[in-house]
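To start, the structure itself, in structure tokens.
The values are calculated or read from the model by the stated rules, or taken from the named source; none is laboratory data. Predicted model, so just to flag it, every value in this text is computed and none were measured. Cβ atoms come from the backbone with ideal geometry, glycine included; neighbour counts cover every protein chain shown.
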Amino acid sequence: MKVCHTFAGCLLIGSLAIFCLPTHLNAQSFAIGGGLSTPSDEINNVYNSDFVTKDDFVGNLLRQSSGFGLHIGSRLYLELDEELALVFGIALHRFNESRLDVYDENGEELIAVLQATQNIVPISVGLDYPVYKGFVGFYVAGDLQYNYIFNTIDIVRNDLAIPFVDEPTNNRVGASFGAGVEIDLAAVILDLGLRFNHANIIGKEDDEGDKTYLTFNLSVLFGEKTESE
């Protein structure tokens, strides 16, 4: 429930900011959609470390691979010229719950079990370039992102009462790039896209792994990104 509230607030703020932008440019369009998010192994490294510490204690944190996730989001396109659109977007990526096991320093005794759910909210600005326009079109795109990364931790077992942070959060600057196919149905345009995302290019801690993920997205686009030739 808290995740839903967080995303709803971000979506509302982002949408208001987008629609308050100057809109005197020739073409405008709005897209909403969702799909699959496929994570790298570092997505569920919620503490950005493979160790947990308490006083003189060091524990080994073993993470299961994070499973497929889902995302929803929206984008606004403003035409810069006939070949280029400026894009503003906001989305929520929610990755499946994964198990985190904490062992003693020797890696022999299991002393804690955690369940973690990972969430990333990217607020982005970028460019969209239509390589080919037609009934079936093709485009490439890229953007810069401000990523709000937050996690929900459920402590299943905690034998030594290690004070885990139950909702670790991070803010990182990242980027994405990708390509897609558009099918013009006259009333709307279907957009099927593939994108590579790197969520923590700037601002990550020492030894923090690269948090990357692929997205497969199906969106409904209202209007054209740029005017037709």
| task | Could you list all residues from the range 59-81 that are over 26 Å from residue 174 (Cβ atoms) and surrounded by 14 or more Cβ atoms within 10 Å (Cβ to Cβ)? | result | 59, 60
| request: Name the one entry in 84, 78 that is hydrophobic (A, V, I, L, M, F, W, C), on the phi < 0 side of the Ramachandran plot and without any contact (Cβ under 8 Å) to a residue 60 or more places away in the chain. | output: 78
| message | Could you go through the range 98-109 and let me know if any residue there is over 18 Å from residue 34 (Cβ atoms) and touching a Ser or Thr at 6+ places or on another chain (Cβ under 6 Å). | response | yes
| remark: Among residues of the range 132-145 being out of contact with any Asp or Glu (no Cβ under 7 Å at 6 or more places or on another chain) and at pLDDT below 95, the residue farthest from residue 202 (Cα to Cα) is 134
| request: Please identify the pairs in which a residue from the range 40-66 that is farther than 15 Å from residue 204 by Cβ and in contact (Cβ under 8 Å) with a residue 24 or more places away in the chain has its Cβ atom under 6 Å from the Cβ atom of a residue that is of a type in the set (Lys, Arg) and surrounded by 14 or more Cβ atoms within 10 Å (Cβ to Cβ), counting only partners at least 6 apart or on another chain. | output: 44/63
| message | When the residues of the range 160-183 are narrowed to those that are at pLDDT below 95 and of a type in the set (D, E, K, R), which ends up surrounded by the most Cβ atoms within 10 Å (Cβ to Cβ)? | response | 166
| request: Could you check, for the range 106-122, whether at least one of its residues is without any contact (Cβ under 8 Å) to a residue 60 or more places away in the chain and farther than 30 Å from residue 61 by Cβ? | output: no
